[in-house]
Amino acid sequence: MSYPRNFINPLSLQICFLLLASFSNGQNPYQSYQTSIYCNASSPIEHPTSIEEVQAIVNLAISTNQTVKAIGSRHSISDVICTEGIPMNLENIKYTVLNSDGTVKVGAGAKVKDVLDFLQSHNLSLIHVPAFGGITVGGAIGTGAHGSSLLHPTSLSDQVVGLTIVDGQGNVQIINSANDLAGFQVHLGLLGIVVDVTLTTVPLFKMTIRNTLHPETILTDGTALIWAQSRDWFEMWWFPSSSSVVVSVGDYVDVSTPGEHYTNMLPNVNLLEVIAGRTAYELLQATRNTSGLLAMEEATRLSMYEVPGAKPPLYTGDGVKLENPATGFAHQLMSNRCESCPWDYGAVALNPEESSLAFNLYDLPRVVNTVRGILSQEGAENTLFTMIGMFIRFSRASPALMAISSGRPTVTFEWTTPMRTDPFNTPKAGIAGFQAIAQAMVTEHSGRPHWGKNGPYFFNPDILEEVHPNRNSFIGLMAKYDPNGVFHNKFAKRLLATSAEMNVHPSVTHCALQEYCICSKDDDCGNNQICKALNGYMACHDAPTNSKKDSNLTIL
Ligand SMILES: Cc1cc2nc3c(=O)[nH]c(=O)nc-3n(C[C@H](O)[C@H](O)[C@H](O)COP(=O)(O)OP(=O)(O)OC[C@H]3O[C@@H](n4cnc5c(N)ncnc54)[C@H](O)[C@@H]3O)c2cc1C
């Protein structure tokens, strides 16, 4: 674009401001969406609107000897999202262009839900999608966000056929060779600024889902594995305290099949609901009220397959009544996006913490037995999975070098817990069980941590080297596309094994509470806790004098 002679080019103006900001040595913190990850950048977040502006920001970083990083919705809760340099958000680069070969080119800042709506308006869709539509396309392939199927590619990463990027020397590059695509399909924000992504599409289709309750023996006697291998959609929620599992089976059906149902996995909530939920949860936690927490877990379980009680039903048509079986556009049953989410309410928000580890598919029974072993020591009723049970999902082997399903059919185990009101000091009930389970999953089963879901400890150099067989090939691509380390952050240095440093939230004093460390002394744990072994894994237990309540009850 050219400008008249006396006209001040808006791009130059923006760069001047950025230059001033970058020399101001200012503190420019930004956080993950649920606040647990804290990054401190040299300048405020930039919002480029074109590939030229992206190039200008990368060139500025190069010329001022800074680093630079693109971020999406910041829905990853690891320091993979951090930079000490210039952060940029591509939310203004969100075009969608249908190509004549049936692919779609999408600006990296477009939200997955918006892309799916656009495709639906053209009678098209993606073959499979992750559960949350509020993430960006650039961010989704940043971590390899996935859904659950052994028959179809579950992640957007595995549906990518090309990308446009700005590399670490400020050059625009088109990526479409199989070798390099395998790196970019799960790029961790370390190979370039992704400007757009080209994805394969399929004709619009529907899905029929049915959820049913089963005894947990199906996890270990081979039944679940057989079922998983024959269905278009297959996922499970395991509730160890009641020895049961809710199984969700889905079959793709023709678009003409009647039904307009959708998933309510992430329902909208209003301020009153958030305050009530947060207050009730905090009370149950602070008083270590096991029967109340069990009731929460039971409400979650029922909402998945039976008439709902305290929780919104999982699949609905009218938003009120549970539909089971449910039939609707497949992407609307696999994925949704809350517009007023529990974490959107500032000081009173209800923020989740997540853990997710991925294993060889055929290790499913062994991993289940490991979890059972820990729960039998700790008491299943003391380690409750109140939000989504122990969520079990499946993925085909992925060609992406750094996918958690790279090179092997995969099963993932995930759990989500709401944060305490003072998450840096007051521990969650059952935290010892969660900590021991996560450690055992990595140590005994080489579990690969989801790049966007686990605490920073799980991305230390030793674990990264141990569980990612393609790490060296990926590092080779980092050197090719970013020879001077312009996209490096602390996370990258741990991947490269050149440093063990992490981005640590300034409020952290008890490092084991948010998984910055495994406890080695009592003070690493929360208030009134002790660090001791559980099934051989160091974990934070309530001190015996404090077994029924913690002393720091803070409701709001
Ligand atoms: C409610 C909820 C539900 C979720 N459900 C699932 C699920 O079903 N399955 C699953 O696997 N995960 C799930 N996640 C995790 C989430 O999908 C991933 O962490 C995803 O990467 C977040 O995307 P984002 O847009 O927020 O990207 P961010 O978290 O902001 O960034 C992720 C990575 O991508 C990089 N990046 C982002 N944009 C660009 C770009 N344009 N160029 C270069 N690098 C870039 C960042 O630097 C970072 O390394 C869920 C998260 C939430 C909050």
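The values are calculated or read from the model by the stated rules, or taken from the named source; none is laboratory data. Quick caveat, the model's predicted, so the values are computed rather than measured. Cβ atoms come from the backbone with ideal geometry, glycine included; neighbour counts cover every protein chain shown. Just the protein is used for accessible areas: all its heavy atoms, side chains included, with ligands, DNA and RNA removed. Shrake-Rupley method; radii C 1.70, N 1.55, O 1.52, S 1.80 Å.
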Consider the stretch 330-358. How many of its residues are under 22 Å from VAL246 (Cα atoms), open to solvent by 20 Å² or more (accessible area, probe 1.4 Å) and more than 13 Å from the ligand (Cβ to nearest atom)?
1
THR208 vs (1) surrounded by fewer than 20 Cβ atoms within 10 Å (Cβ to Cβ); (2) away from the ligand (no atom under 16 Å from the Cβ): all pass except (1)
When the stretch 256-275 is examined, which residues are found to be aliphatic (A, V, I, L, M) and open to solvent by 60 Å² or more (accessible area, probe 1.4 Å)?
LEU271, LEU272
Just need a number here: residues in the stretch 66-75 that are within 8 Å of the ligand (Cβ to nearest atom) and either open to solvent by less than 30 Å² (accessible area, probe 1.4 Å) or not in a loop (DSSP other than H, G, I, E, B) (or both).
4
Is the stretch 76-88 home to any residue that is away from the ligand (no atom under 16 Å from the Cβ) and either free of Cβ contacts under 8 Å to residues at least 12 places away in the same chain or among the charged types (D, E, K, R) (or both)?
no
With criteria (1) touching a residue at least 24 places away in the same chain (Cβ under 8 Å); (2) away from the ligand (no atom under 16 Å from the Cβ), CYS531 comes up short on (1)
So, of the residues in the stretch 212-266 that are closer than 30 Å to ASP344 by Cα and among the hydroxyl-bearing types (Ser, Thr, Tyr), which turns out to be nearest to the ligand (Cβ to nearest atom)?
THR263
On the given criteria, is VAL246 touching a helix residue (DSSP H, G or I) at 6+ places or on another chain (Cβ under 9 Å) and under 29 Å from VAL367 (Cβ atoms)?
yes
Of everything in the stretch 444-471 that's assigned to a helix (DSSP H, G or I) and under 17 Å from TYR516 (Cβ atoms), which residue is farthest from the ligand (Cβ to nearest atom)?
ASP462
Residues that are of a type in the set (D, E, K, R), at least 2 per element: which strands (runs of 3 or more DSSP E) completely within the stretch 348-439 meet that?
352-360
Of all the residues that make up the stretch 127-152, how many are more than 7 Å from the ligand (Cβ to nearest atom), in a loop (DSSP other than H, G, I, E, B) and crowded, with 24+ Cβ neighbours inside 10 Å?
3
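Is there a residue being assigned to a helix (DSSP H, G or I) and either in contact (Cβ under 8 Å) with a residue 60 or more places away in the chain or out of contact with any strand residue (DSSP E or B) (no Cβ under 9 Å at 6 or more places or on another chain) (or both) anywhere in the stretch 304-314?
yes
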Considering residues of the stretch 51-65 that are open to solvent by 30 Å² or more (accessible area, probe 1.4 Å), within 16 Å of the ligand (Cβ to nearest atom) and free of Cβ contacts under 8 Å to residues at least 60 places away in the same chain only, the residue farthest from the chain's Cα centre (by Cα)
GLU52
Please enumerate the residues belonging to the stretch 237-258 that are touching a Pro at 6+ places or on another chain (Cβ under 9 Å) and part of a loop (DSSP other than H, G, I, E, B).
SER243, VAL255
So which residues in the stretch 473-510 are of a type in the set (A, V, I, L, M, F, W, C) and touching a residue at least 40 places away in the same chain (Cβ under 8 Å)?
PHE474, LEU477, MET478, VAL486, PHE487, PHE491, ALA492, LEU495, ALA500, MET502, VAL504, VAL508
By residue number, the members of the stretch 315-328 that are open to solvent by less than 30 Å² (accessible area, probe 1.4 Å), in contact (Cβ under 8 Å) with a residue 40 or more places away in the chain and not small (Gly, Ala, Ser) are TYR315, THR316, THR327
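Just the residues that are within 10 Å of the ligand (Cβ to nearest atom) and either hydrophobic (A, V, I, L, M, F, W, C) or surrounded by fewer than 18 Cβ atoms within 10 Å (Cβ to Cβ) (or both), please, taken from the stretch 153-189.
Across the stretch 153-189, the qualifying residues are LEU156, LEU163, ILE165, VAL166, PHE184, VAL186, LEU188.
Identify the residue in the stretch 97-115 that is open to solvent by 50 Å² or more (accessible area, probe 1.4 Å) and touching a Lys or Arg at 6+ places or on another chain (Cβ under 9 Å) and, among all such residues, is nearest to the ligand (Cβ to nearest atom).
Our first condition is that a residue be open to solvent by 50 Å² or more (accessible area, probe 1.4 Å); within the stretch 97-115, this holds for 97-101, 105, 111, 113-114.
Restricting the remaining residues to those that are touching a Lys or Arg at 6+ places or on another chain (Cβ under 9 Å) gives 97-99, 111, 113-114.
Numbers: VAL97: 17, LEU98: 21, ASN99: 20, LYS111: 8, LYS113: 11, ASP114: 12 Å.
Within the stretch 97-115, the match that is nearest to the ligand (Cβ to nearest atom) is LYS111.
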